[in-house]
């Protein structure tokens, strides 16, 4: 009962996680670290479909992990930075802002689509509940 | 009395639409999942045959892959058509539940006299 709402719920959870991760990546886009340590690592969301039941109907999507990008980042010459090493280099995260913004739009639209289906499904279940009402 | 052909056909159709809504929800939940293959639900032709044979309960609901061309990440969900399906299924379901209520209303009229 009400499976369609649960299914869309898994989609909303997955895309909200993606939005959270993108927000965190963008918030840290200018982090500076010394060359002796790792740079901030951008995270990605890994998902897979939830296996279908015996009737062949799938049950949505589930997050399977948050892999991080390389810790090497980009070496940048900035001798005035207090974290710079003897040669004047610091590490900055290797985050592609345009890619992050593209992902942000995809995650937002996908979240909206799932929220939309929750509404449609609610209408359907409501009308099913109302069968025989008023007779 | 409550299991006449009309009621049973409506019930079978509502059940098919409910499955279609679940499948649509699953397709949209996986709209960005790499390698995901979208499914589609068909029950109308099977139901038409079953009604023709006089037994709507024998109608089968089949869930099959859409066969659409996948994109670069192997995902073939078409968001536009899925949202249209979700909306259409919702309206069809309201129509059918209304018809079922009317059918039961007739019986109710008879019972109340």
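Do you know the relative contact order of chain A, to the nearest whole percent, from alpha carbon pairs under 8 angstrom that are 6+ apart?
Once normalised by length, the contact order is 31 percent.
For a label point 7 angstrom out from the Cα of residue A:104 toward its Cβ, which stretches of the stretch A:1-41 have the backbone nitrogen within less than 16 Å?
Of the residues in the stretch A:1-41, A:16-31 have backbone N under 16 Å from the label point off residue A:104.
Can you tell me, using C-alpha contacts under 8 Å and at least 6 residues apart, the relative contact order of the stretch B:5-112 as a whole percent?
36
What's the average, rounded to a whole number, of partner chain beta-carbon atoms within 10 Å of each residue's beta-carbon in A:7-18? Please report the intermediate quantities before stating the final value.
Working: counts 10, 8, 2, 4, 9, 1, 1, 5, 3, 0, 0, 1.
Whole-number average of other-chain Cβ neighbours for A:7-18 is 4.
What value, in deg cm²/dmol to 500, does the helix sum -39500 (n - 2.57) over DSSP H runs of n ≥ 4 give at 222 nm once divided by the residues of chain A?
So the calculated ellipticity at 222 nm is -15500 deg cm²/dmol.
Between the stretch A:94-128 and the stretch B:43-113, what's the alpha-carbon centroid distance in Å?
Here the two parts' Cα centres lie 25 Å apart.
Mind pulling up the Rg/Rh value for the stretch A:50-105? Radius of gyration and Kirkwood radius, both on Cα.
Rg/Rh: 1.34.
Taking a label point 7 Å from the Cα of residue B:69 along the Cα→Cβ vector, which residues of the stretch B:26-43 have an amide N closer than 17 Å to it?
Taking a point 7 Å out along Cα→Cβ of residue B:69, the residues of the stretch B:26-43 whose backbone N falls under 17 Å are B:38.
Compute for chain A: radius of gyration divided by Kirkwood radius, i.e. Rg/Rh, restricted to C-alpha atoms, rounded to two decimals. Present the calculation step by step, with values, prior to reporting the outcome.
Numbers: Rg = 22.2 Å, Rh = 17.9 Å.
Dividing the radius of gyration by the Kirkwood radius yields 1.24.
For the protein assembly as shown, what does the equivalent ellipsoid look like in terms of its semi-axes, each the square root of 5 times an eigenvalue of the Cα gyration tensor, given largest first in whole Å?
Numbers: eigenvalues 567, 58, 26 Å².
Each semi-axis is √(5λ); the values are 53, 17, 11 Å.
Would you mind ranking A:78, A:6 by Cβ crowding within 10 Å, fewest neighbours first? All intermediate terms of the calculation are to be shown ahead of the outcome.
Working: A:78 13, A:6 17.
By the 10 Å Cβ count, ascending: A:78, A:6.
How high is the FRET efficiency from residue A:133 to residue A:17, r the C-beta distance, R0 35 Å, rounded to 0.05? Intermediate values should be presented prior to the final figure.
On the way: r = 39 Å, r/R0 = 1.12.
Calculated value: 0.35.
What is the helix-to-structure angle for A:97-129, meaning the angle in degrees between its Cα long axis and the longest Cα principal axis of chain A, kept from 0 to 90 and rounded to the nearest 10?
It works out to around 10 degrees.
Top mean-square fluctuation among A:120, A:91, A:16, Gaussian network model of chain A, C-alpha springs under 10 Å?
Result for chain A, Cα springs under 10 Å: A:120 fluctuates most.
Tell me what chain B gives for mean residue ellipticity at 222 nm when only DSSP H runs of n ≥ 4 count, each as -39,500 (n - 2.57), the sum divided by the residue total, rounded to 500 deg cm²/dmol.
Working: 3 runs with 68 residues, N = 113.
After summing the helix terms and dividing by the residues of chain B, the value is -21000 deg cm²/dmol.
Taking every residue in B:74-82, how many Cβ atoms of other protein chains lie within 10 Å of its Cβ, on average?
Average neighbour count from other chains, rounded to a whole number: 1.
When you have a sec, figure out the Kirkwood radius of the stretch B:5-112 from all distinct Cα pair distances and drop it here in Å to one decimal?
Working: mean 1/r = 0.0653 Å⁻¹.
Answer for the stretch B:5-112: a Kirkwood hydrodynamic radius of 15.3 Å.
Using only the Cα atoms of the stretch B:9-68, each taken as one equal point scatterer with no solvent, compute I(q) by the Debye sum, divide by I(0), and report log10 of the ratio at q = 0.17, 0.21 Å⁻¹.
-0.58, -0.76
Quick check: from the Cα gyration tensor, does the stretch B:46-93 come out rounded (a/c under 1.5), prolate or oblate?
oblate
Using the number of other C-beta atoms within 10 angstrom as an exposure proxy, rank A:29, A:21, A:57 with the fewest first.
Numbers: A:29 14, A:21 19, A:57 22.
With the fewest neighbours first, A:29, A:21, A:57 line up as A:29, A:21, A:57.
None of the figures in this text is laboratory data; all of them are computed from the coordinates on show. Computed from a prediction, not measured in an experiment: that's the story for all the values here. All Cβ positions, even for glycine, are placed from backbone atoms using ideal geometry, and neighbour counts span all protein chains on display.
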